[in-house]
């Protein structure tokens, strides 16, 4: 009996202990999660400090840092959980989307681990992992609900119909909101990672810079987004002011941009929940850690009588726990991979 036949013949446990591995970008993350909801341990080793020297993520550096960190992260996750490899029931790993070299480190490590332990190998979509972070924030959460996905690579309003069925109500037609934050940070002279630094600067600013309305006269989907024009408008404003020799109030620029980028996310999420008849909205993705978004979405949902699920900021950004949470759902269906599993730079939103 070969490896795949062996794991397919194993019984599906009711409360499995899943090891989640995430290496899609600049964070090496490993977590142990029980029953898809209870975080037993969570370890993140970030290489962001190295990328900050270059103003953004350098794929080659990210891959090398994952290679040196992944074993340490795994051993620490097991130690913190007070378990051994033999206690783990399955290994879940991000197969995509992300930086292909970085993903290959995690996938290769997970395959070797799964084979040596004769444990199921579960491929997980990074996007679905972000959505599944909501289950870690609320152990009683059940679909249906609206997921507001907002990260460096994706922006979308998703109707989570059940644990396995997503309906993409709208998505960005160009840049993602997190990418726009990073580009605006750069033009304002802020360090990487840009999002948190724009948010900090915006706290001292006022919404005085006039910026274009997103998708004006757009004939596509009502829940779609576009951040390319907004990003370009900010860059042009800063450059024009400099050419005219005028002083730029960076805090006002940051506050105006942040409002323009995030208010539309909130408005469309509320509208989607009402239209679908769902009473719950969950936040997902790295931009979900933004304080302005969290505070104003909380106000908006409260005003409309909707429930809001806010994962801790740590679990909005890339982490192994969300991969283990989604891995649990795939485990229950027996969606296992064989040793031919490969990394994918892109995966479908749904």
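Any read-out appearing in this document is the output of simple, stated calculations on the displayed coordinates, not a laboratory observation. Source: prediction; values computed, not measured. Reconstructed Cβ throughout: ideal geometry from the backbone, glycine too, with neighbour counts over all protein chains shown.
Can you compute the modelled spin-label distance between residue 303 and residue 49, with each label point 7 Å from Cα toward Cβ, in nm?
4.2 nm
Which FRET efficiency value, to the nearest 0.05, do you get for residue 314 and residue 339 by plugging their Cβ-Cβ distance into 1/(1 + (r/R0)^6) with R0 = 41 Å?
Calculated transfer efficiency: 0.80.
Between residue 235 and residue 14, what is the label-to-label distance in nm when each label sits 7 Å out along the Cα-to-Cβ direction?
5.6 nm
Take the alpha carbon atoms of the range 180-223, find their center, do the same for the range 284-329, and report the distance between the two centers in whole angstrom.
For the range 180-223 versus the range 284-329, the Cα centre distance is 20 Å.
Over the Cα atoms of the range 140-313, what is the Rg over Rh ratio if Rh follows Kirkwood? Let's see the in-between values first.
Numbers: Rg = 16.4 Å, Rh = 16.5 Å.
On the Cα set of the range 140-313, Rg over Rh gives 0.99.
Checking the a/c ratio against 1.5 first, then a/b against b/c, what shape does the Cα gyration tensor give for the range 247-334?
Verdict is oblate for the range 247-334.
So how do 177, 40 line up by other beta-carbon neighbours within 10 Å, fewest first? Could you put the intermediate results ahead of the total?
Working: 177 27, 40 19.
In order of increasing Cβ crowding within 10 Å: 40, 177.
Note the angle between two axes, namely the Cα long axis of helix 250-276 and the longest principal axis of the Cα atoms of the chain, as a number of degrees from 0 to 90, rounded to the nearest 10.
Helix 250-276 and the main axis of the chain meet at about 60 degrees.
To the nearest 500 deg cm²/dmol, what mean residue ellipticity at 222 nm is calculated for the chain from DSSP H runs of n ≥ 4 alone, each contributing -39,500 (n - 2.57), summed and divided by the residues?
-14000 deg cm²/dmol
Give me the Kirkwood hydrodynamic radius of the range 18-107, using the inverse of the mean 1/r over all pairs of distinct Cα atoms, in Å to one decimal.
Hydrodynamic radius (Kirkwood, Cα only) of the range 18-107 equals 13.2 Å.
Where the centroid of each part is defined by its Cα atoms, how far is the range 9-31 from the range 82-156 in Å?
6 Å
Under 8 Å for C-alpha pairs, at least 6 residues apart: give me the relative contact order for the range 14-77, rounded to a whole percent.
32 percent
Let's test the formula: R0 of 41 Å, r as the Cβ-Cβ distance of residue 80 and residue 222. What FRET efficiency results, to the nearest 0.05? Walk me through the numbers on the way to the answer.
On the way: r = 45 Å, r/R0 = 1.10.
Once rounded, the FRET efficiency stands at 0.35.
Only counting other Cβ atoms within 10 Å, I'd like 65, 1, 322, 214 sorted with the fewest neighbours first.
In increasing order of surrounding Cβ atoms, one gets 1, 214, 65, 322.
Relative contact order of the chain: what whole-number percent is it, with Cα pairs under 8 angstrom and at least 6 residues apart?
Details: 769 pairs, mean separation 89.3, N = 350.
Over the chain, the number comes to 26 percent.
At R0 = 41 Å, how high is the FRET efficiency between residue 247 and residue 72 if r is their beta carbon distance? Nearest 0.05 is fine. Provide the component values of the computation, followed by the final result.
Working: r = 47 Å, r/R0 = 1.16.
For R0 = 41 Å, the calculated efficiency reads 0.30.
What angle do you read, to the nearest 10 degrees and between 0 and 90, between the alpha-carbon axis of helix 228-243 and the longest principal axis of the chain?
So the helix axis and the longest Cα principal axis differ by about 50 degrees.
Give me the angle, in degrees from 0 to 90, between the Cα long axis of helix 320-332 and the longest principal axis of the Cα atoms of the chain, rounded to the nearest 10.
With rounding to tens, the tilt is 50 degrees.
Please identify, among 231, 244, 171, the residue showing maximal mean-square fluctuation in a Gaussian network model of the chain using a 10 angstrom Cα cutoff.
With Cα springs under 10 Å in the chain, the top fluctuation among 231, 244, 171 is at 244.
Which whole-number percent gives the relative contact order of the range 1-123, counting Cα pairs below 8 Å spaced six or more residues apart?
Answer for the range 1-123 is 31 percent.
Among 54, 85, which comes first, second and so on when ranked by fewest other beta-carbon atoms within 10 Å? All intermediate terms of the calculation are to be shown ahead of the outcome.
Working: 54 10, 85 14.
Listed from fewest to most nearby Cβ atoms, that is 54, 85.
Over the range 83-157, what is the percentage of antiparallel beta bridges among all DSSP beta bridges, to the nearest 5?
Close to 40 percent.
Is the range 51-168 best put as rounded, prolate or oblate by its Cα gyration tensor, with a ≥ b ≥ c the root eigenvalues, rounded for a/c under 1.5, and otherwise prolate when a/b is larger than b/c, oblate when not?
It comes out oblate by the Cα gyration axes.
Hey, if you drop one equal point scatterer on each alpha-carbon of the chain and run the Debye formula without solvent, what base-10 log of I(q)/I(0) do you get at q = 0.08, 0.11, 0.12, 0.13 Å⁻¹?
-0.39, -0.72, -0.85, -0.98
If you build a Gaussian network model of the chain, linking Cα atoms that sit under 10 Å apart, which residue out of 212, 193, 123 swings the most?
212
In a GNM of the chain with a 10 Å cut-off on Cα contacts, which of 227, 292, 163 has the highest mean-square fluctuation?
With Cα springs under 10 Å in the chain, the top fluctuation among 227, 292, 163 is at 163.
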